[in-house]
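Please read the structure below before turning to the comments.
The values are calculated or read from the model by the stated rules, or taken from the named source; none is laboratory data. From a predicted model like this one, the values you see are computed outputs, not experimental measurements. FYI the Cβ positions are ideal-geometry reconstructions off the backbone, even for glycines, and counts take in every protein chain you see.
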Amino acid sequence: MSNLEADPAETVCVAEPTPDGVEILEPREVPLGGPRALPVLRTLPQRARSLVGAWCFVDSYGPVASGRAGAMDVPPHPHTGLQTVSWLYAGEIEHRDSAGSHALIEPGQVNLMTAGAGIQHSEVSTDRARELHGVQLWIALPDRSRNVTPFFESFTPSPVAVGDATVRVFVGELAGASSPVSAFTGLVGAQVDLPAHGVAEFAVDPRFEHGFVVDAGDPLLHGSVVPAGRLGVVPAGPGTLRLEAGATAVRGLLIGGEPLGEPIVMWWNFVGRSHEEVVAFRQQWQAEVIDGANPVGRFGSVAGYPGAALPAPELPNVRLRPRD
């Protein structure tokens, strides 16, 4: 998914550390698209916290009626230095990219696109499901891997039980289950469903930071309430994570990983390492794709999308700053 903000400047958001160290990150609403935009709730990045492990971007959206025209219609747009992770609770999205991939994204199936040195892709919801509901996440690639050749993967995890929870591991390893999709740093990503009054305790890598993106319910994460729509973050250190549901069933995504340990410069749909590098990415996108100077350049071309690629917004009149 693209960041379609016309002026993607840094936004100051406040993390609220609770007494036991769990951070509760509030979302901000961002319109994805034009006049009939799809509203998304963005919990990463924020000024107070830009990363959970190498996870650097979290957009939650829906449920919205997907039968209407353009519930999600994201034109071809670029990415560098990251992986995109698409996860649906409901609906269906058609994915096309310049690595030659054409796939349908369906609930319970992870679709992971490694942008590496540069890629472009489009995402359009279909009308074959009554509603659209899901999460789009990005993973920052470490410096040693951020210029790999782009590629696309998909995987449907089988559910496993952890206490009262049903867990689907779509990235990394958790609870004896693992995903074969590519990870370039230590990572975990899983959907967790917990019935009302249920409890689950996860054995986790103490080197990892962990976050829980709440879709439904108001669970207790290490004793702190994380309301629906928020992201609760537990710093590295604990070897277990405890999740408890109240009177309402809980659904959400558990994400985590070893701290990236590298400053990144993230603007619009690019992840780089310096202001100058991001400026160069933008110039290449505009020259090669929008102006048509080199359709087989860094970003290639997307076949089959019925429309033009998305121009990059103007850069801010300040130097882009690294995020740690």
Could you check, for the range 215-223, whether at least one of its residues is surrounded by 15 or more Cβ atoms within 10 Å (Cβ to Cβ) and modelled with pLDDT under 95?
yes
Hits in the range 90-134 - residues which are of a type in the set (Lys, Arg) and assigned to a loop (DSSP other than H, G, I, E, B):
ARG128, ARG130
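Taking strands (runs of 3 or more DSSP E) that do not extend beyond the range 1-81, which have at least 3 residues that are at pLDDT 85 or above? Give the derivation first.
Details: elements: 15-17, 23-25, 28-32, 38-44, 55-65, 73-79.
By residue number, 23-25, 28-32, 38-44, 55-65, 73-79.
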I'd like the full set of residues that are buried (at least 23 other Cβ atoms within 10 Å of the Cβ) and of a type in the set (S, T, N, Q), limited to the range 102-116.
ASN111, THR114
Within the range 65-86, can you find the residues that are out of contact with any Ser or Thr (no Cβ under 9 Å at 6 or more places or on another chain) and over 27 Å from VAL278 (Cβ atoms)?
ALA65, GLY67, ARG68, ALA69
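Among the residues of the range 190-197, are any modelled with pLDDT of 95 or more, on the phi > 0 side of the Ramachandran plot and not basic (Lys, Arg)?
Step one: filter the range 190-197 for residues modelled with pLDDT of 95 or more, giving 190-197.
With the extra rule that they be on the phi > 0 side of the Ramachandran plot, the set shrinks to 197.
Narrowing further to those that are not basic (Lys, Arg): 197.
Within the range 190-197 (the criterion being modelled with pLDDT of 95 or more, on the phi > 0 side of the Ramachandran plot and not basic (Lys, Arg)), the answer is yes, since at least one residue qualifies.
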Could you give me the residue pairs with C-beta distances under 8 Å whose first residue belongs to the range 99-111 and is under 20 Å from VAL302 (Cβ atoms), whose second residue is assigned to a strand (DSSP E or B) and among the charged types (D, E, K, R) wherever it lies, and which are 6+ apart or on separate chains?
HIS102/GLU94; HIS102/ARG96; ALA103/GLU94; LEU104/GLU94; ILE105/GLU94; ILE105/GLU123; ASN111/GLU153
Quick one: which of GLY252, GLY232 is surrounded by 23 or more Cβ atoms within 10 Å (Cβ to Cβ), within 18 Å of VAL171 (Cβ to Cβ) and either under 22 Å from the mean Cα position of the chain (by Cα) or of a type in the set (Asp, Glu) (or both)?
GLY252
Within the range 265-283, identify whether any single residue is within 22 Å of the chain's Cα centre (by Cα), basic (Lys, Arg) and farther than 30 Å from GLN109 by Cβ, and answer yes or no.
yes
Of the residues in the range 93-140, those that are closer than 21 Å to GLN191 by Cα, at pLDDT below 95 and among the acidic types (Asp, Glu) number 1
Answer with yes or no whether GLY172 is more than 19 Å from TRP55 (Cβ to Cβ) and either crowded, with 16+ Cβ neighbours inside 10 Å or not hydroxyl-bearing (Ser, Thr, Tyr) (or both).
no
Every pair of residues 6+ apart whose Cβ atoms lie under 6 Å, when the first sits in the range 211-222 and is under 10 Å from VAL22 (Cα atoms) while the second is of a type in the set (Asp, Glu) and at pLDDT below 95:
HIS222/ASP20
Can you name the residue in the range 274-324 that is of a type in the set (Val, Ile, Thr) and farther than 23 Å from VAL74 by Cβ and is also surrounded by the most Cβ atoms within 10 Å (Cβ to Cβ) among such residues?
VAL279
One residue from PHE202, PHE184 being in a strand (DSSP E or B), touching a residue at least 24 places away in the same chain (Cβ under 8 Å) and surrounded by fewer than 23 Cβ atoms within 10 Å (Cβ to Cβ):
PHE202
Failed criterion for SER145 (all others in (1) within 21 Å of PHE299 (Cα to Cα); (2) assigned to a loop (DSSP other than H, G, I, E, B); (3) in contact (Cβ under 8 Å) with a residue 60 or more places away in the chain hold)
(3)
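Any chance the range 291-309 includes a residue that's part of a strand (DSSP E or B) and β-branched (Val, Ile, Thr)? Quick ask: steps written out before the conclusion?
In the first step, residues of the range 291-309 are kept if they are part of a strand (DSSP E or B); the result is none.
No; the residues of the range 291-309 include none that is part of a strand (DSSP E or B) and β-branched (Val, Ile, Thr).
Please go through the range 187-199 and give me each residue that is closer than 23 Å to PRO259 by Cβ and without any contact (Cβ under 8 Å) to a residue 60 or more places away in the chain, ordered by number. Can you show your working first?
Within the range 187-199, the first condition is being closer than 23 Å to PRO259 by Cβ, and the residues that meet it are 187-190, 192.
Matches in the range 187-199: none.
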